[in-house]
Every structure is written in C-alpha cells, then in structure tokens.
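Scroll down for the structure; my scribbles are underneath it.
The values are calculated or read from the model by the stated rules, or taken from the named source; none is laboratory data. Quick caveat: nothing in here was measured; it's all calculated off a predicted structure. Please note: Cβ atoms are built from the backbone with ideal geometry, for glycine as well, and neighbour counts cover all protein chains shown. These area figures cover heavy atoms from the full protein model, side chains too; ligands, DNA and RNA do not enter into them. Shrake-Rupley method; radii C 1.70, N 1.55, O 1.52, S 1.80 Å.
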Amino acid sequence: MEKELKRLQSLFGVVKPTVALFESEMEKLPLAESAVWRLLVFRLSFGYYDRLPLRYKKFVCKYLKHDRLGYTAYLTRHTPLGGLRYRLVHPGLFLKMVHLLACEPENGKISYLHLASCLLLSFDLPNTLRTLAEKLRVCRHAPDELLQLLGKVEIWED
C-alpha cells in the first residue's frame, strides 16, 4: 500500500490531488499507461481506503463519482464481487419496477448513472453502464406490466 500511495503522491507532487489535475495528467500519457494509473487509484480506493491520508480519501471519493464506469468495471472484473452478483429472472420487469420506485423526486432529479452503477454492482445485467442508465431514463410502465408484477406477489393479511 505504501508503495502505491507514494507512486500516486509522486504524480501530484505537493499540490492537492484533484480529479481535474489527475485527468489532465492522464491525457498526457498513452492509453495503456493511463489505464495502469486508473487501476492504481481503484486499488487504493477499495483496498486501502481506511489507511489513506484525508486528502487522498477526498480525492478518491470524488474520482469514483467522476468515473462510475471505471469503478463498476474494476469491482466486477477484478474482485470477487463480479461472481457474487444476482442473476435476475425477469430483468426487464425488474428495471421497470426500479424506475417506478426511484422516479424523480419532487425537488430534484435522479442520477440515472449512479442508479445504473449500483444496479450493475448488485445484479448480473447484460448492459453497459451508459446503456442501462439510458434504459432507466426512458423506462415506462404499462398498467398490464404492473398487474404482472402484482401477480408475482402474494398479499397476506395480518
């Protein structure tokens, strides 16, 4: 961990680590080398977060929000989480239910990318992050689908 942190610190020098600075440094590098740096950030984020200095904790939190695709891919491909995700029987119906339950609140908008990344971490869905976010955004439910959903649930009276 110390070696990886020192390497990341060497990238920033004495300045405060920011997402903008990190991305500007990555643009200067070949694609393969920038991928190694991003992987380093994800390893530090998920493997050593509790041991990072506060300024790097703040940086990785902001970076993970910035690169939802990257951390979703990292966790599903480079950790056991990828094999622990639940495979849905009716993914289309499930997504409509999620959209119904997580619809836009009265006072603001929902982040479909955030919702999609959470779903991809929990469920084995055959979509990319952006495709799933778009599906959730345009998802509409027909009355017959809601009745189908209700038909799968037994209602018990206490």
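Numbers for the structure displayed
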read-out	value
Other-chain or far-sequence residues with amide H under 5 Å of Phe123's (modelled H)	Tyr86
Rg [Å, one decimal], Dmax [Å, integer] - region 26-81, C-alpha atoms	11.4, 32
Accessible area of region 1-92 belonging to carbon and sulfur atoms, whole % at 1.4 Å probe	58
Mean accessible surface per residue for region 1-74, computed with a 1.4 Å probe while every protein chain stays in place, in Å²	60
Gain on full stretching of the segment that runs from Arg77 to Cys139 - 0.36 nm per residue minus C-alpha separation	19.6 nm
Gyration tensor verdict on the chain (Cα atoms; rounded if a/c is under 1.5, prolate if a/b is larger than b/c, oblate otherwise)	prolate
Mean residue ellipticity (222 nm) of the chain, computed from DSSP H runs ≥ 4 via -39,500 (n - 2.57), nearest 500	-20000 deg cm²/dmol
Paired Rg and Dmax values of region 64-131, which use every Cα atom, in angstrom	12.6, 38
With DNA, RNA and ligands ignored, accessible area of Tyr48 (1.4 Å probe; Å², nearest 10)	70
Helix axis angle, 112-122 relative to the chain longest principal axis, alpha carbon, degrees	90
In degrees, nearest ten, helix 54-66 long axis to first principal axis of the chain (Cα)	50
Accessible surface ranking that places the most exposed of Thr76, Thr18 first, with a 1.4 angstrom probe	Thr18, Thr76
Among the listed pairs Lys28/Lys135; Lys57/Lys96; Lys3/Lys135; Lys3/Lys109; Lys28/Lys62; Lys16/Lys135, those beyond 30 Å (Cα-Cα)	Lys28/Lys135; Lys57/Lys96; Lys3/Lys135; Lys3/Lys109; Lys16/Lys135
Cβ-placed point charges (K, R +1; D, E -1), dipole of the chain about Cα centre in debye, nearest 20	820
Phe46-Phe94 pseudo-label distance in nm [points 7 Å out on the Cα-to-Cβ vector]	1.9
Phe46 accessible area, 1.4 Å probe, all protein chains in place, Å² to nearest 10	90
Projected label distance in nm at Val19 and Tyr86, using a 7 Å step from Cα toward the beta-carbon	2.9
Computed lengthening from Arg7 to Leu39, 0.36 nm per intervening residue step minus Cα-Cα distance	10.3 nm
Estimated FRET transfer efficiency (Leu54, Ala32; beta-carbon r; R0 35 Å; 0.05)	0.65
Neighbour-limited loop hits for trypsin sites (Lys or Arg not before Pro), region 1-43 (at most 12 other Cβ within 10 Å; DSSP other than H, G, I, E, B)	Lys28
Degrees separating the helix 68-77 axis from the principal Cα axis of the chain, which is the longest one	90
